[in-house]
Amino acid sequence: MKQRITVIVLGHVDHGKSTLVGRLLFEKGVVHAEEIERYAALGAEMGKASFKYAWVMDRSDESRRRGLTLDLNYADLETRRREIHIIDAPGHRDFLRSMITGTTGADAGLLVMDCQEGVMPQTREHAQLAKLMGLERMVVALNKIDKVGYDPAAIAKAASDVRSLLEGFGFQKPDVIPVSAWDGQNLTVRNEQMSWYKGRTLEEVLDVLEPRGGPRAGAFRMPVMQVLQVGGVGTVALGRIERGAVSEGDEVVVMPVDKIGIVRSIEAYGKKIKKAEAGETVGVALRNIGKLDIERGDVIGPVDDPPRAVEEFTAKIVIIGEAGIIRPGWSPYIHCHTTAVPVRLEAIEMKIRPDSGEAAGPADTGFLTSGDAAMVRMRPLKPLILESAEVLPGMSRFALRLGKETLGAGSCVSLRVAERLTVASDADTKGFSYKHKKVGSGAKELKKRKDEESRDIWGKPVDKEKKSRKSKKDDKVYYKEENK
Ligand code: GDP
């Protein structure tokens, strides 16, 4: 079986992310020439002919009208040795959150940069966030080299700029591949105008990407992305296994609600399997777990080493966007693995340098504002299952959001597990209109947490119409419904 790799496409708006992915899918035969021609014709009518490749990925009408990538979009392609799942993240500021969600599950980033424009604010921001979210591997597609007339000097200059940016954030030896997404140069075929270029094509680099590191062995952990009720099968939890393995017949516990069930069956990529391991995205059918016992954001683990809720944690965070002045007491939502709960900033322990993460020397720790990075102490106001970056990176990274704004991102450095039954006192939840759940009490049955938005299995928010279409398709992929 080919190694499966998830790659997230990042970069400044208009630098050609969607065009590059669309062209790549076209060259790999995933998308046919007729489809591209259809988009070209449609684009000509709208005066946007240059988006014919981009539209392969931007399927929504709104996106077409604005010429922007609005959501996370997905595509799959195969190289000689890899099955590659591509996530096209939006380049527009408002949509940082989707980028963060996408990055959590990615093995590598593909940073698209316009060779002529060079490093722009979102090039920098995406690279920095990706690193904070634990991505180790970044590949750069230095795009639009046709615009500089394939000039080696201009290309070398842009390549060196982006390389030093990435190295500054701690990415080791990033690959920089000069490409023209529009002309189809150096994506899958080598270009005659670039005879001086002796490096690999984008496809050749993708073909040797390795899955993200991190402990694959250890107690089973699967954050639940989505719960399905499937006729003849029952409750099915979908998610990416962050650590360990799960087998048919295993006794598992759903936390923080503390519900015990048995694994009835497992499916991955449309096939029934007996055992699934870290890194795989699977559907796990659970016996003894009812519809109300489990929801998105819960974590499944073995009964003898269950996932635990945290009482308090220390994290490295960076503040972005229109954050204003942030002081202790600030209570955003933390979006971590598949969950979102309110947290409170308890203390700013130390300011750190946003690029290297090292101590920033003596600095005022009374407040934080956009662009600041710091080591902070936070307390969840509802049960939150989190791990430190050292123990399990995939469950340590998070985004901080308030309303629709993403105001920060970070990863947990250390934590204290909750010992009490409830995570926070009533006073702690002041300002929030819900009553928080009890840890381990099964209170889920009484009060179902309202998810902020409905999302599909990859964590992508979906509108109602899309959702019904999408979930039918997904159900079919994972579990064929027996009788409708
Ligand atoms: P995104 O916002 O990063 O997804 O960028 P798009 O893929 O929507 O592209 C923005 C614009 O750049 C479109 O008009 C594309 O046709 C154009 N573009 C993308 N790649 C290239 C390229 O390699 N060369 C040239 N000249 N234009 C490109």
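The values are calculated or read from the model by the stated rules, or taken from the named source; none is laboratory data. Please read these numbers as outputs of a predicted model, since none were measured by experiment. Quick reminder, even Gly has a Cβ in these numbers, built from the backbone with ideal geometry, and neighbours come from all protein chains shown. The area values use the complete protein model at the heavy-atom level, side chains included, leaving out ligands, DNA and RNA. Shrake-Rupley method; radii C 1.70, N 1.55, O 1.52, S 1.80 Å.
In this label model, residue 196 and residue 156 are separated by 0.6 nm, measuring between points 7 Å along each Cα→Cβ vector.
Phi angles of region 140-152 translate, via the Karplus equation with coefficients 6.51, -1.76, 1.60 and θ = phi - 60°, into HN-Hα couplings of 9, 9, 7, 8, 6, 5, 5, 5, 9, x, 6, 6, x Hz per residue; Gly and Pro are given as x.
Scanning residues 5 or more positions from residue 220 or on other chains, those with amide H under 5 Å from its amide H are 245, with H placed 1.01 Å from N in the peptide plane.
Placing unit charges on each Cβ (+1 for Lys and Arg, -1 for Asp and Glu) gives region 108-163 a dipole about its Cα centre, and among 154, 123, 109 the Cα reaching farthest toward its positive end belongs to 109. Structural descriptor for region 122-213: relative contact order 30 percent, calculated from alpha carbon pairs under 8 angstrom and at least 6 residues apart. Phi angles across region 391-403 convert, under the Karplus curve 6.51 cos²θ - 1.76 cosθ + 1.60 with θ = phi - 60°, into 3J(HN,Hα) values of 7, 7, x, x, 10, 10, 8, 7, 10, 10, 10, 9, x Hz, Gly and Pro given as x.
Equivalent-ellipsoid semi-axes (√(5λ), Cα gyration tensor) for region 322-371, whole Å, largest first?
Numbers: eigenvalues 94, 40, 21 Å².
Each semi-axis is the square root of five times an eigenvalue, giving 22, 14, 10 Å.
Along the axis of the charge dipole computed for region 173-247 (Cβ charges of +1 for Lys and Arg, -1 for Asp and Glu, origin at the Cα centre), the listed residues 201, 231, 244 are led at the positive end by 244. Stretched out fully, how many nm does the piece from residue 305 to residue 365 gain, at 0.36 nm a residue minus the Cα gap? Full extension of this stretch gives 17.9 nm more.
Dipole orientation for region 1-51: of the candidates 18, 33, 1, 1 has the Cα lying most toward the positive pole (charges on Cβ; Lys, Arg +1; Asp, Glu -1).
Tell me, what is the Rg over Rh of region 253-353, with Rh the Kirkwood radius over Cα pairs? Could you put the intermediate results ahead of the total?
Numbers: Rg = 18.2 Å, Rh = 16.8 Å.
Answer for region 253-353: 1.09.
For residue 341, the amide hydrogen comes within under 5 Å of the amide hydrogens of 334, 336, counting only partners 5 or more places away or on other chains and with H modelled in the peptide plane. With 5 Å bins beginning at zero, the pair-distance distribution over Cα atoms of region 285-412 amounts to 2, 10, 20, 23, 17, 11, 7, 4, 3, 1, 0, 0 %.
Under a Cβ-Cβ cut-off of 15 Å, what is the net charge of the residues other than residue 116 that fall near it, where Lys and Arg count +1 and Asp and Glu count -1? Intermediate results must be reported in sequence, preceding the final value.
Details: positive: 144, 147, 157; negative: 14, 114, 117, 146, 151, 161, 183.
Neighbour charge sum, excluding residue 116 itself: -4.
Backbone phi angles across region 249-255, fed through the Karplus curve with coefficients 6.51, -1.76 and 1.60 (θ = phi - 60°), yield HN-Hα couplings of x, 5, 8, 10, 10, 9, 10 Hz in residue order; Gly and Pro are listed as x.
For residue 35 and residue 322, calculate 0.36 nm times their separation in residues minus their Cα-Cα distance, and state this gained length in nm to one decimal. Walk me through the numbers before you get to the answer.
Working: separation 287, 0.36 × 287 = 103.32 nm, distance 4.00 nm.
My answer for the length gained is 99.3 nm.
Give the relative contact order (percent, whole number) for region 256-355; include only Cα pairs under 8 Å separated by 6+ residues. That works out to 21 percent.
Residue pairs exceeding 28 angstrom between C-alpha atoms, taken from 48/173; 2/173; 48/157; 28/198; 271/291: 48/173; 48/157.
Report the full-extension gain for the segment residue 45 to residue 183: residue separation times 0.36 nm, less the Cα-Cα distance, to one decimal in nm.
Values: separation 138, 0.36 × 138 = 49.68 nm, distance 2.20 nm.
The span from residue 45 to residue 183 would gain 47.5 nm if fully extended.
In a reduced charge model with +1 at each Lys and Arg Cβ and -1 at each Asp and Glu Cβ, region 257-345 shows a dipole moment near 300 debye about its Cα centre.
Using a Förster distance of 22 Å, how high is the FRET efficiency between residue 173 and residue 76, based on the Cβ-Cβ distance and rounded to 0.05? Using R0 = 22 Å, I get an efficiency of 0.20.
Rolled with a 1.4 Å probe across the full set of protein chains, the surface gives residue 280 an accessible area near 50 Å².
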